[in-house]
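Just below is one structure, and these are the notes that go with it.
The values are calculated or read from the model by the stated rules, or taken from the named source; none is laboratory data. Quick caveat: nothing in here was measured; it's all calculated off a predicted structure. Here Cβ is always computed from backbone atoms with ideal geometry, including for glycine, and neighbour counts include all displayed protein chains.
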């Protein structure tokens with residue numbers, strides 16, 4: 001299927017690994033010029049090598065979790081047709097042991113990075129007459145996990161932010177949507193699985209125990225491949241998805257039991 005994305009430009013935050021890298025590759029494959037962002041030049045170089053095998057890409061070394069980093073990215077890429085707010089971090093920690101600093105750190109990375117970049121690119125999309133803003137949240141934004149409440153709260157914030165922005169697009173060709181991945185193969189996932197595992201074994205054992213004990217409602221019963229999320233994002237970024245706006249779309253392996 002031709003997603004009609006040739007000639008578009010996209011900024012994908014946190015795109016040197018995991019979900020972000022797969023999104024960058026998928027968009028490049030569809031003819032989008034992708035700006036890959038990350039905090040270190042070596043990681044940018046590695047990511048660019050992968051994305052350029054799929055299509056056109058440039059790298060921007062910046063920390064989009066900070067106001068200064070967002071400003072630097074905006075200066076380098078003043079306009080974009082597609083903004084994918086993918087940057088995010090997580091950690092497992094008992095609620096009573098989460099200090100203010102950790103709450104603020106996760107909020108800055110997971111929420112404010114998207115706020116700051118959207119505040120710049122979104123009005124320009126409205127002015128130009130076309131655009132796509134996509135937030136990469138999590139099923140944790142709907143079903144807050146007890147082992148990382150602060151993470152779940154930031155993902156709920158993304159859902160609210162996305163819907164609020166979508167309300168401003170009425171009658172335009174700009175859409176704002178959220179994608180909710182479930183537990184996904186990504187950098188550091190094995191360490192996370194072992195941190196919540198009762199008996200830390202090899203990666204396969206930790207994964208099996210995680211789904212058996214902590215995510216038993218999952219129908220997939222395995223980690224999601226980042227490419228499986230990137231396919232959904234590419235569709236939402238395309239003109240073909242014009243009737244999907246203000247939505248939260250699940251790519252979470254059937255973990256959520258609610259129908260809507």
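The table below lists the values:
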read-out	value
From 171, 164, 188, 201, residue being over 28 Å from residue 51 (Cα atoms), surrounded by fewer than 18 Cβ atoms within 10 Å (Cβ to Cβ) and at pLDDT below 95	201
Enumeration of residues in segment 236-260 that are crowded, with 18+ Cβ neighbours inside 10 Å, more than 14 Å from the chain's Cα centre (by Cα) and assigned to a helix (DSSP H, G or I)	241
Matching residues in segment 158-215 - criterion: being assigned to a loop (DSSP other than H, G, I, E, B) and more than 22 Å from residue 231 (Cβ to Cβ)	170, 171, 172, 173, 188, 196, 197, 198, 199, 200, 201, 202
Segment 66-98, residues that are over 15 Å from residue 19 (Cβ atoms), in contact with a helix residue (DSSP H, G or I) (Cβ under 7 Å, 6 or more places away or on another chain) and either outside the structural domain of residue 110 (by TED's automatic domain parsing) or surrounded by fewer than 22 Cβ atoms within 10 Å (Cβ to Cβ) (or both)	67, 74, 79, 91, 92, 93, 95, 98
Among residues of segment 90-114, those that are closer than 25 Å to residue 15 by Cα and touching a residue at least 24 places away in the same chain (Cβ under 8 Å), counted	14
Condition broken by residue 138, with the remaining ones in (1) buried (at least 16 other Cβ atoms within 10 Å of the Cβ); (2) more than 21 Å from residue 72 (Cβ to Cβ); (3) modelled with pLDDT of 95 or more; (4) more than 14 Å from the chain's Cα centre (by Cα) satisfied	(4)
Count of segment 36-61 residues which are touching a strand residue (DSSP E or B) at 6+ places or on another chain (Cβ under 6 Å) and surrounded by fewer than 24 Cβ atoms within 10 Å (Cβ to Cβ)	7
Of residues in segment 216-235 being without any contact (Cβ under 8 Å) to a residue 40 or more places away in the chain and in a loop (DSSP other than H, G, I, E, B), the one nearest to residue 255 (Cα to Cα)	218
